[in-house]
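Q: Here it is: the structure, laid out below.
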Amino acid sequence: MSQRLEGKTAVITGGGRGIGRAIALAYVQAGATCIVASRQLEDLEATARLAPHGAVEAIVCDVASDTSVAAMAELVLGKFGGVDIVVNNAGVHAAGSFLEIDAATYSRLYEVNVVGIVRVSQAFLGGMIERGRGSIVNIASTAGLFESPGQAPYNASKHGAVGLTRCMALELASTGVTCNAICPGFVDTPMLEGFADLVGAEADELRKRLAQRTPMGRILDPSEIANLAVYLGGDESSGMTGQTMAISNGMRMA
């Protein structure tokens, strides 16, 4: 991968594993310096060890907490001075019957999957707007584009993330800051394994079942999401904002 992000600094939430880790490593390969944030320091340090020394910095942060996000932003801005890219990847999942899932579960998912985007983006937007450039990349889901049974809290929160992306893009359009969403389909991540536990299935069997539901007959590797995130974080996408891009092996085509 070419140095398409040379000289840029990126903050990636949920950067300790799965899609977030893949994006961090792809960003480093493309020339960026990355700050990865999540609640689990062990996962973050594992991501950092996979990158060249000093290319990835780990900061513990809970995007559902105002004080935690503020503390993370203070550390980042104090050390790096500014941020060019924010990737809002942190997310949580829940599944079950609509009649059985309580309201507290909806609140928890909304706090992380939607309001978490607000907290982190607002923490860094001031500098981006002042410099007249920047990229916000929100990792949503194809669950934010259509309905599916047994996932009402997750789908509702991801629909919220898609709508938020469009509103942010519209308001930021005149500032030089872009905001777009990536909507992955089935991706081979620890969240998939967690979903397998929720539905009482073996992870490998669930992978096969999900692959059969896609026109291309497979599930995605996190690196495929990362490649699109590199494009959205770079100057080549400076004219693109407010877009929701599905990458789903043909499962969602509009």
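Q: Going by a ≥ b ≥ c, the root eigenvalues of the Cα gyration tensor, does region 118-236 fall in the rounded group (a/c under 1.5), the prolate group (a/b larger than b/c) or the oblate group?
A: Because a/c hits 1.5 or more and a/b exceeds b/c, region 118-236 counts as prolate.
Q: Further question: Which is the longest part of the chain that has none of the GluC sites (Glu not before Pro) sitting in a DSSP loop with at most 14 other Cβ atoms within 10 Å?
A: Answer - 7-99.
Q: Here's a follow-up. If you build a Gaussian network model of the chain, linking Cα atoms that sit under 10 Å apart, which residue out of L210, L99, L125 swings the most?
A: Fluctuation is largest for L99.
Q: Moving to a separate point now. So what is the relative contact order of region 73-151, in percent, for Cα pairs below 8 Å that sit 6 or more residues apart?
A: 50 percent
Q: Could I ask something else about it? Let me know the shape class of region 48-191, please: from the alpha-carbon gyration tensor, a ≥ b ≥ c as square roots of the eigenvalues, rounded when a/c is under 1.5, otherwise prolate if a/b is greater than b/c, or oblate.
A: In terms of gyration-tensor shape, prolate.
Q: For the chain, set up a GNM with springs between Cα atoms under 10 Å and report which of L77, L164, L145 has the largest fluctuation.
A: L77
Q: What ranking do L172, L192 get, fewest neighbouring Cβ atoms within 10 angstrom at the top?
A: L192, L172
Q: At 222 nm, what helix-only mean residue ellipticity would the chain give, in deg cm²/dmol to the nearest 500, using -39500 (n - 2.57) for each DSSP H run of four or more?
A: Using -39500 (n - 2.57) per qualifying helix, the result is -14000 deg cm²/dmol.
Q: Next question. Could you please report the charge total around G16, scoring K, R as +1 and D, E as -1 over all other residues with beta-carbon less than 12 angstrom from its beta-carbon?
A: Local charge sum for G16: +1.
Q: Evaluate E = 1/(1 + (r/R0)^6) for D66 and N227, where r is the Cβ-Cβ distance and R0 equals 30 Å; express this FRET efficiency to the nearest 0.05.
A: E between D66 and N227, to the nearest 0.05, is 0.35.
Q: If you take the square roots of the eigenvalues of the alpha-carbon gyration tensor of region 150-219 and sort them as a ≥ b ≥ c, do you get rounded (a/c under 1.5), prolate (a/b over b/c) or oblate?
A: Prolate shape, in that a/c is at least 1.5 and a/b is the bigger ratio.
Q: What lysines does K8 reach when the alpha-carbon gap must be under 16 Å and sequence neighbours fewer than 8 apart in one chain are set aside?
A: Cross-link targets: K79.
Q: Between exposed chymotrypsin sites (Phe, Trp or Tyr not before Pro) in the chain, where DSSP calls loop and at most 14 other Cβ atoms lie within 10 Å, what's the longest gap?
A: So the longest stretch without any such site is 147-254.
Q: Measuring from label point to label point, each 7 Å out along Cα→Cβ, what is the A201 to S107 span in nm?
A: 3.1 nm
Q: Normalised by the residues of the chain, what does the relative contact order come to in percent, with Cα pairs under 8 Å and at least six apart?
A: Rounded, it is 20 percent for the chain.
Q: Moving on. What percent do you get for the relative contact order of region 115-254 when only Cα pairs under 8 Å and 6+ apart count?
A: 29 percent
Q: Another question about this same structure. To make sure I understand, if each residue's beta carbon is the centre and we count other beta carbons within 10 Å, what order do H93, H53 fall in, fewest to most?
A: H53, H93
No lab work stands behind these numbers, since they all come straight from the coordinates. Owing to the predicted nature of the structure, the values given are computational and were not obtained by experimental measurement. Backbone-built Cβ (ideal geometry, glycine too); neighbour counts: all protein chains shown.
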